[in-house]
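Take a look at the structure set out below.
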Amino acid sequence: MKRSNCILLMLVLFFFSCTATKQVTVTGESTEQASLEQTDILPVDAAVTLGKLDNGLKYYIRENHKPEKRMELRLVVKAGSVLEDENQRGLAHFTEHMAFNGTKNFRKQELVDYLESIGMRFGPDLNAYTSFDETVYMLQVPVDSVQIVEKAFQILEDWAHNISFEDEEIDRERGVIVEEWRSGRGASARIRDKQLPVLFKDSRYAERMPIGKMEVVETFPHDTLRSFYRDWYRPDLLTVIAVGDFDTKWIEEQIQKHFSRIPSSNNPRERVVFQVPDHEETLFAIASDPEATGNSVSVYYKHDITPEVTVDDYRDGIVEALYNGMLNQRLHELTKKSDPPFLYGYSSKGRFVLSREIYMLGAGVKDNGIERGLETLVTEAARVRKYGFTQSELERRKKEMLRYMESAYNERDKTESRNYASEYARNFVMDEPIPGIEFEYNMYRKYIPDITLEEVNRLTGEWMTDRNRVIMADVPEKAGVNVPTEEKLLAVINAVNKKDIEPYVDTVSDQPLVESPPVPSSVVEENRIEEVEVTEWLLANGVRVILKPTDFKNDEILFTSFSPGGISLVPDEYHMAGETASSVVQEGGVGKFGRIELEKMLSGKVVSVSPWINDLREGISGSASPKDVETMFQLIYLYFTSPRKDDIAFQSFKTRMKGYIENRNARPESALSDTVTVTMAQYHRRERPLSMELLDEMNLDMSYEIYRDRFRDASDFTFVFIGNFEQSQLKPLVET
């Protein structure tokens, strides 16, 4: 599986094929894995049945019981828009549409009607997508009926080689595609159209967007579409994926029965992997649009594909994940400054297309913040290149990754079938390894302790080069916002190279979260509701606690709490202070610990606790691994007793909020939504849409006082805990 840290804040989300490190406690390491050498080939998960038919079609089968009595099916075609001829631009996507408009065994609307008749919904259970390099059809069907399962495989077979392509249906679908294109022509699409040809300069990808050209869609001869289907929907470019609550042998028989009938292609066209050429100069893709709702800047570095074949390759992926994790933490810290250089920042590496990997540094910024944001991104990368990361950062990140992997491994029997199906699709299209979660966790345990700072630090020099570099920026087109020039952006990077940069200082507290545990408040009353297997406790201090142990997740305890009141009790003039009170407090941290210090203290723990206040109630909600449940209770206690008022955190939060909404009204959808809201509320003061003027009503002192007032007395609070716990385990923590 892919081990890069994917940040999904980018223009090309719909075709970006990178995934985050799959996290996975095993008590021991198998002899087979312990003896693996770094040059050994990565294995395939033994839980997966792989096969290949005589005609070349591949298949993946995995028995999995989450959700019960359901099966995820995929038909993956290793062909997308990049393979279209000039007179076919848009026909890969058009073919996908036609799959739902009639096949040999399901005429016109019959297919969708049938699936809806068995409870499937278009979207969640029945869908498809077309990208540059692949087209994927997705079905989720119940498996408690032999007839339904057999029909599901008939549908997949029909999609693979029996789509009808009736003239009348083709002509009817032209308008549907045009309308889909028109509805998607917002600011992001217009910006993407300007930037992607630069990113993929001089390559086939620069001129083969999946939606295609509407002049082709509206006028192509019918046989041109059929020709695309004949050329690329063929067994050697197809795979069938089945994951679900079934008997593997029977499913394999169904696949062999249906897909062996597809004839092999005679003299097939070559399935070319189109290259993205190198370039020595820095390229720029600067775009503005009147409906753009934000500013962003990013630097892309194009690289050859990193192999993911051997155990050593896998270890390299862990090193990369450590690098991105530590740099992302530094960028996150910068967003907490009183005047942050950006609203968010990220470092990520992954696959956009079959032939290239890309390392990215990116940020979302305020109006006129492009140059400052770019300078900060490049400065932080230069700081790592000059001084490297610190040992404390590395140890903390190692601990986080191992703990994350442990948690996911503990949930291995609760993994959703759709997650496996997506992973196997990436294996087919992108050759992403599928060694299995136990193998991966053992690899982390084996290799993480010995990874050195030197190994991680060298990546900056390897990933950030002057070659194959593309700088992108997009800004709203409006008065007062300057569109940066290529010269200015390049000057920013050149200036950083001459800059005197100080080393990073990693400030970490060694104090305990709660120095003196409070005096417990004992359970004075216990009630049992057998019908729903719930226990209710009443504490001496008035707090009511409801508990329901479950086995839905192995490594998770969820909780919420609530008390009547909320900001309905706050005077209208302080409504905004009340609306933001819980966020302001959470940004400030708790007790003696600011937000960043608290996050560092909690590294390696799977725990999340957040206070909230709405119109009629207030409460605290969150979750934790059973292993970290005591930390969860400590945080609950601190959010009640020691909220922290931090002026720097407040100013940072306010600045970022303004940055996020300063161009909100550029979206026509926002104007419509706001108009409906204020009209329905009869222009009540409390229903004013978010605006810069409204944010000026934020008030740290008042927010803090409102929060303290709402959480001053816990006697009317009800807490609800659900998850993998024993009541005897929680009782002393609840009482304390």
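The values are calculated or read from the model by the stated rules, or taken from the named source; none is laboratory data. Given the structure is predicted, the values throughout are model-derived calculations rather than measurements. All Cβ positions, glycine included, derive from the backbone under ideal geometry; neighbour counts span all protein chains shown. In case anyone asks, the SASA skips ligands and DNA or RNA and just uses the protein heavy atoms, side chains included. Shrake-Rupley method; radii C 1.70, N 1.55, O 1.52, S 1.80 Å.
Roughly how many Å² is the accessible area per residue of the chain, as a whole number, for a 1.4 Å probe?
Numbers: 31530 Å² over 736 residues.
Accessible surface, normalised per residue, equals 43 Å².
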Checklist outcome for this item: As straight-line cross-link partners of Lys52, the qualifying aspartates and glutamates (C-alpha separation under 12 Å, not fewer than 8 residues apart within one chain) are Asp236, Glu252
Checklist entry - Say each of Glu669 and Gln38 gets a label point 7 Å from the Cα, pointing the same way as Cα to Cβ; how far apart are those two points in nm? => result 4.8
Checklist entry - In segment 524-618, which GluC sites (Glu not before Pro) are in a loop and have at most 12 other Cβ atoms within 10 Å, using DSSP for the loop call? => result Glu533
Checklist entry - Using a simple spin-label model with points 7 Å from Cα along the Cα→Cβ vector, what separation in nm is obtained for Glu270 and Asp113? => result 4.7
Next on the checklist: Which one, Gln154, Asn266, Tyr346, is farthest towards the positive end of the dipole of the chain when Lys and Arg carry +1 and Asp and Glu -1 on their Cβ?
Outcome noted: Tyr346
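First compute the accessible area of segment 202-344 with a 1.4 Å probe, then give the percent of it belonging to carbon and sulfur atoms. Don't skip to the answer; put the middle values down first.
Working: 2590 of 5600 Å².
Using a 1.4 Å probe with all protein chains present, segment 202-344 comes out at 46 percent carbon and sulfur.
Using a Förster radius of 25 Å, what is the FRET efficiency between Val534 and Arg412 based on their Cβ-Cβ separation? Nearest 0.05, please.
Working: r = 28 Å, r/R0 = 1.13.
Approximately 0.35, to the nearest 0.05.
By DSSP, what percent of the beta bridges with both residues in the chain are antiparallel, rounded to the nearest 5? Don't skip to the end; give the middle numbers.
Values: 80 of 100 bridges.
Roughly 80 percent of the DSSP beta bridges within the chain come out antiparallel.
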Checklist entry - Just the Cα atoms of segment 462-609: what Rg and Dmax do they give in Å? => result 25.9, 73
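First compute the accessible area of segment 373-429 with a 1.4 Å probe, then give the percent of it belonging to carbon and sulfur atoms. Could you put the intermediate results ahead of the total?
On the way: 960 of 2140 Å².
Carbon plus sulfur share of accessible area: 45 percent.
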Checklist outcome for this item: Residue by residue through segment 707-715, the couplings from Karplus 6.51 cos²θ - 1.76 cosθ + 1.60 with θ = phi - 60°, in Hz, x for Gly and Pro, are 4, 4, 5, 6, 10, 5, 10, 8, 5
Checklist outcome for this item: Of the listed links Lys58/Lys398; Lys201/Lys336; Lys104/Lys414; Lys213/Lys478, those spanning more than 32 angstrom between alpha carbons are Lys58/Lys398; Lys201/Lys336; Lys104/Lys414
Next on the checklist: Counting only protein heavy atoms and a 1.4 Å probe, tell me what percentage of segment 443-519's accessible area is made up of carbon and sulfur.
Outcome noted: 51
Checklist entry - Which links in Lys592/Lys645; Lys386/Lys488; Lys627/Lys731; Lys151/Lys257; Lys69/Lys151 stretch past 21 Å when you go from one Cα to the other? => result Lys386/Lys488
Checklist outcome for this item: For Lys548, counting only aspartates and glutamates whose alpha-carbon sits under 14 Å away and dropping same-chain residues fewer than eight positions off, the answer is Glu526, Glu530, Glu531, Glu533, Glu536, Glu556, Glu726
Checklist entry - Tell me, in nm to one decimal, what length is gained between Arg685 and Ser521 on full extension, where the rule is 0.36 nm per residue of separation less the Cα-Cα distance? => result 54.9 nm
Checklist entry - What does the helix-only formula give at 222 nm for the chain: each DSSP H stretch with n ≥ 4 adding -39500 (n - 2.57), the total divided by the residues, and the result rounded to the nearest 500 deg cm²/dmol? => result -12000 deg cm²/dmol
Checklist entry - At a Förster distance of 30 Å, what's the computed FRET efficiency of Asp647 paired with Tyr387, Cβ-Cβ distance as r, to 0.05? => result 0.50
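Between Phe122 and Gln147, what is 0.36 nm times their sequence separation minus the Cα-Cα distance? Round to one decimal in nm. Could the numbers behind the result be given before it?
Working: separation 25, 0.36 × 25 = 9.00 nm, distance 2.03 nm.
Additional length available on full extension: 7.0 nm.
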Checklist outcome for this item: Residue separation between Thr485 and Ile501 times 0.36 nm, minus their alpha-carbon distance, gives in nm 3.2 nm
Item to check | J(HN,Hα) series, segment 187-197, from Karplus relation 6.51 cos²θ - 1.76 cosθ + 1.60, nearest Hz, glycine and proline x | outcome: 4, 4, 5, 5, 5, 4, 5, 7, 8, 5, x
Checklist entry - Ordered by residue, what ³J(HN,Hα) values in Hz, to whole numbers, does segment 644-655 give under the Karplus form 6.51 cos²θ - 1.76 cosθ + 1.60, where θ = phi - 60° and Gly and Pro are x? => result 10, 9, 10, 5, 5, 4, 5, 4, 5, 4, 5, 4
Checklist outcome for this item: Here segment 251-304 gives, from Cα atoms, an Rg and Dmax in Å of 23.0, 56
Checklist entry - Per-residue accessible area for Arg617 at 1.4 Å probe radius, Å² rounded to 10? => result 110
Checklist entry - Which value, in debye to the nearest 20, describes the size of the charge dipole of the chain about its Cα centre when Lys and Arg Cβ atoms bear +1, Asp and Glu Cβ atoms bear -1, and nothing else is charged? => result 840
Item to check | For q = 0.07, 0.10, 0.11 Å⁻¹, Debye-computed log10 I/I(0) when each Cα of the chain counts as one equal scatterer | outcome: -0.59, -1.26, -1.48
